[in-house]
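S.K.: To start, I am sharing the structure in question, which I have written as structure tokens.
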Amino acid sequence: MFVACSLRELIPADHILRRVDKVLDLSWLRGEVKDLYDEYQGRPSIDPEAAVRLMLAGFFQGIVHDRKLMREAQVNIAIRWFAGYKLHERLPDHSSLTRIRQRWGEARFKRIFQKTVGQCVKAGLVDGETTHMDATLIRADVSWESLVDRHAEKVLAENSDESRGGDDGGSDGKRRGRPRRREKAPKKMSLTDPDATMTTSCNSFHMEPSYKQHTAVDDKAGVIVDVGVTTGEQSEGEQLAGQIQRVEENTGKKVETLTGDAAYGHARNYRKLEDRGTEAIIPPQKEAVRAGCLPLRRFKYDAMHQAVRCPAGRILRRSGCTANGAIYKAKAHDCGRCRLRNRCFSPRQKFRQVQIVDGYEALLRARRKRLRWGLRERDKYHRHRWRVEGIHGEAKTQHGLRRATRRGLWNVAIQAYLTAAVMNLKRLAALLCLIFLAEILCRKHMRAHPDSHGRHPTLEPHGAALYAAAA
């Protein structure tokens, strides 16, 4: 009939929820969501802090489904204590957590994640010197039977062409001009989750409906300093500029060095990093070379005069622009009598043209720097591979991020924010445990080495260094 102790005493001291409770601060949350509730109408609401603690407790245990979480909370004393519920109190229904996510929206859960980043910065776990960036795929919560071909745009285009009196605009209906390229295969989409797109992480694996999480990790202690979710077909290289800005806003520190894989090795990214004074340890992408054509690296680009010199010494002049750069063309009579003609371009062409992308000069400098990578650069790139990829592995194997638990881009973003917040809190709890152990060791060292008067006025150098390193 009576419990002779508090629930806290029934939980082991080294339990993850008990350790995290010492560093978790959600006192600001009620004021953050106050405008979403009416104090005088409706039934009493669930305490916002208790709801978030229930969600976080589930992610700590790797429980990402609300139904399973509430069933576990019924019998798990640690989850009850962490969320603030006593043994006799009734837990909320699982649907209440769903409605809370819908009411709060993505922005407030992002705020929870940003608060954990701020705590890590104050604790000294983030220095901003080196940041690692990478992306990973999250399998969407859809079945293969829900996939259909995306052909609505094609039907609308064909109907609009027929209404104009022909697919080429002519009166006789015959197609004129250059022949059209072969039509692309129709893309597939899911009827249950249209935000998910078909993509794959490598060419040897089949495409799946997925989302893509873009993660930035600080090198010092593996703290996640930014996370974002897009559709699966979004390129991670296009997210670099915006992600750096968010990292500096979250941490209040300038990114000095940035590491990433070849997916970030675009000319525009190198130029942006040079303009902002950030060192880029990113291997450039391999140059695409067609059979029977001289590669672009054999052509010398003159940015001052807006010209390109070919291997034979001829000048290619700028003739047009594209979305990513400019097109430079040679003269037909120069290419017609060139000794390198058979090796330079296809026999069906009359002249050679090349595309110079924006930031091409920065790309050339990055390629030359890649050839001169020393021990420092190689070590940082090696740390990138186990730092950020290890974070992705931990999130998927321990916290259920391998597959999305709910549908919609905003729902998956909330799952990513809560997972990142949980992983940051783990690192804060580990630091607190390390400081506690260092303090015990320092006290033992002081007792074992008294001074001539039997007192312990100062710490020995070894003990002081140990405590400073932990702090």
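The values are calculated or read from the model by the stated rules, or taken from the named source; none is laboratory data. Because the structure is a prediction, the values reported are computed rather than measured. Cβ placement follows ideal geometry from the backbone for every residue including glycine, while neighbour counts extend to all protein chains displayed.
S.K.: How many residues does region 61-77 hold that are surrounded by 21 or more Cβ atoms within 10 Å (Cβ to Cβ) and touching a residue at least 40 places away in the same chain (Cβ under 8 Å)?
M.R.: 2
S.K.: Among the residues of region 10-35, write down those that are in a loop (DSSP other than H, G, I, E, B) and closer than 24 Å to R99 by Cα.
M.R.: L24, D25, L26, S27, W28, V33, listed by residue number.
S.K.: Just wondering, is there one or more residues in region 282-304 that are loosely packed, with under 13 Cβ neighbours inside 10 Å and of a type in the set (V, I, T)?
M.R.: Checked region 282-304: at least one residue is loosely packed, with under 13 Cβ neighbours inside 10 Å and of a type in the set (V, I, T).
S.K.: A further question follows. Just checking, which of L17, L10 is within 28 Å of the chain's Cα centre (by Cα), surrounded by 11 or more Cβ atoms within 10 Å (Cβ to Cβ) and not acidic (D, E)? Don't jump to the end; show me each part of the working.
M.R.: Values: L10 fails: within 28 Å of the chain's Cα centre (by Cα).
When all the criteria are applied, what remains is L17.
S.K.: Please determine, by comparing only the residues of region 245-302 that are touching a Leu at 6+ places or on another chain (Cβ under 8 Å) and aliphatic (A, V, I, L, M), which one is nearest to R339 (Cα to Cα).
M.R.: Of everything passing the filter in region 245-302, L294 is nearest to R339 (Cα to Cα).
S.K.: Output the number of residues of region 33-50 satisfying the condition of being in contact with a helix residue (DSSP H, G or I) (Cβ under 6 Å, 6 or more places away or on another chain) and within 28 Å of A123 (Cβ to Cβ).
M.R.: Adding up the residues that qualify gives 4.
S.K.: Residues that are touching a His at 6+ places or on another chain (Cβ under 8 Å) and within 16 Å of L7 (Cα to Cα): find the helices (runs of 4 or more DSSP H) completely inside region 73-138 holding 1 or more of those.
M.R.: 77-83
S.K.: Check whether at least one residue in region 157-171 is of a type in the set (K, R) and either assigned to a strand (DSSP E or B) or at pLDDT 85 or above (or both), and report yes or no.
M.R.: Checked region 157-171: no residue is of a type in the set (K, R) and either assigned to a strand (DSSP E or B) or at pLDDT 85 or above (or both).
S.K.: I'm trying to understand the selection: among the residues of region 267-283, which are part of a loop (DSSP other than H, G, I, E, B), in contact (Cβ under 8 Å) with a residue 24 or more places away in the chain and not hydroxyl-bearing (S, T, Y)?
M.R.: Within region 267-283, the first condition is being part of a loop (DSSP other than H, G, I, E, B), and the residues that meet it are 276-278, 282-283.
Narrowing further to those that are in contact (Cβ under 8 Å) with a residue 24 or more places away in the chain: 276, 278, 282-283.
Correct list: R276, I282, P283.
S.K.: How many of the residues in region 36-57 are part of a helix (DSSP H, G or I) and modelled with pLDDT of 90 or more?
M.R.: Qualifying residue count, region 36-57: 10.
S.K.: For region 77-119, enumerate the residues that are in contact with a strand residue (DSSP E or B) (Cβ under 8 Å, 6 or more places away or on another chain) and farther than 23 Å from H65 by Cβ. So that I can check it myself, show each step before the final result.
M.R.: Keep residues of region 77-119 that are in contact with a strand residue (DSSP E or B) (Cβ under 8 Å, 6 or more places away or on another chain), which gives 113, 117.
Result: V117, single match.
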